[in-house]
Amino acid sequence: MAGPPGPMEGLHTALCAMRAEVFREVGPFNPDLRHTEAPEYGHRLRQRYEVRGTAAIAGVHDHDTTLRVLLPKVFLRARASAAEVRPGETLGGATARVLASGLVLAAALTSPLPLVTGPAGVAVPLVLLAGATALEAGTYRRVAADRGVRFGLRFALVHLLYQLTSAAGAAVGTGQRLWHRLTWRPDPTVGVPR
């Protein structure tokens, strides 16, 4: 799988490789899932195997060429993934990346704080953004080293927007799952003999 060398928590199915016998053993993607088939598949794969990143696989994933196409997909996938995860089940996703996305969302939510607290309130979203950036520092360094500092800065801005969208989708999906759990009532007719 493309990515930083070593073990990976997530599965990036846009660019990955595995032996045919491993694919036969793990089975195909779940066709009942629309936006969460990759995390679910990664979860099944990691039950049996270690997923590793390598620089030996390289490629371009180019069908999401604009933010107008990419961001709605990111939001829907994150929302669906959060809504479909059941208690006790984890579907992967790099812990640092998920935390970084949460920090970006928290920074966006706290950005109006200076209106209430004065100029000192600017520190809160800035510290949150600094934490998110530190968690993704390896990604930013790699991009800047491969493509140059100018591209790296553009990438950082787009990546922060991607993280914000992903975290917002996950928050909405989590809210939907919690609402469903709070409002779900068993059907009294199920299991009643006729």
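Checking the condition out of contact with any strand residue (DSSP E or B) (no Cβ under 7 Å at 6 or more places or on another chain) and under 30 Å from Ala55 (Cα atoms), which residue from Ala108, Ala137 passes? Ala137 is the lone residue from the list that is out of contact with any strand residue (DSSP E or B) (no Cβ under 7 Å at 6 or more places or on another chain) and under 30 Å from Ala55 (Cα atoms).
Can you tell which of Thr139, Thr110, Thr133 is of a type in the set (Ser, Thr, Tyr), modelled with pLDDT of 95 or more and surrounded by 15 or more Cβ atoms within 10 Å (Cβ to Cβ)?
Going through Thr139, Thr110, Thr133 in turn, just one is of a type in the set (Ser, Thr, Tyr), modelled with pLDDT of 95 or more and surrounded by 15 or more Cβ atoms within 10 Å (Cβ to Cβ): Thr110.
One residue is enough: does the range 171-190 have a residue meeting the conditions in a helix (DSSP H, G or I), open to solvent by less than 70 Å² (accessible area, probe 1.4 Å) and touching a Leu at 6+ places or on another chain (Cβ under 9 Å)? Yes. Scanning the range 164-194 for residues that are at pLDDT 85 or above and either basic (Lys, Arg) or within 12 Å of the chain's Cα centre (by Cα) (or both) returns Leu164, Thr165, Ser166, Ala167, Ala168, Gly169, Ala170, Ala171. Considering the range 6-50, the residues that are farther than 20 Å from Ala82 by Cβ and modelled with pLDDT under 85 include one that is least open to solvent (accessible area, probe 1.4 Å), namely Gly6.
Just to confirm my filter: which helices (runs of 4 or more DSSP H) fall fully inside the range 100-153 and include at least 1 residues that are of a type in the set (D, E, K, R)? Step through it out loud before you land on a result.
Numbers: elements: 113-117, 123-135, 137-147.
Because the criterion is at least 1 residues that are of a type in the set (D, E, K, R), the helices (runs of 4 or more DSSP H) in the range 100-153 that meet it are 137-147.
The values are calculated or read from the model by the stated rules, or taken from the named source; none is laboratory data. Just so we're clear, the structure is a prediction, and the values are computed from it rather than from any experiment. Note: ideal-geometry Cβ built from the backbone for every residue, glycine included; neighbour counts use all protein chains shown. These accessible areas exclude ligands, DNA and RNA; they are computed on the full protein's heavy atoms, side chains included. Shrake-Rupley method; radii C 1.70, N 1.55, O 1.52, S 1.80 Å.
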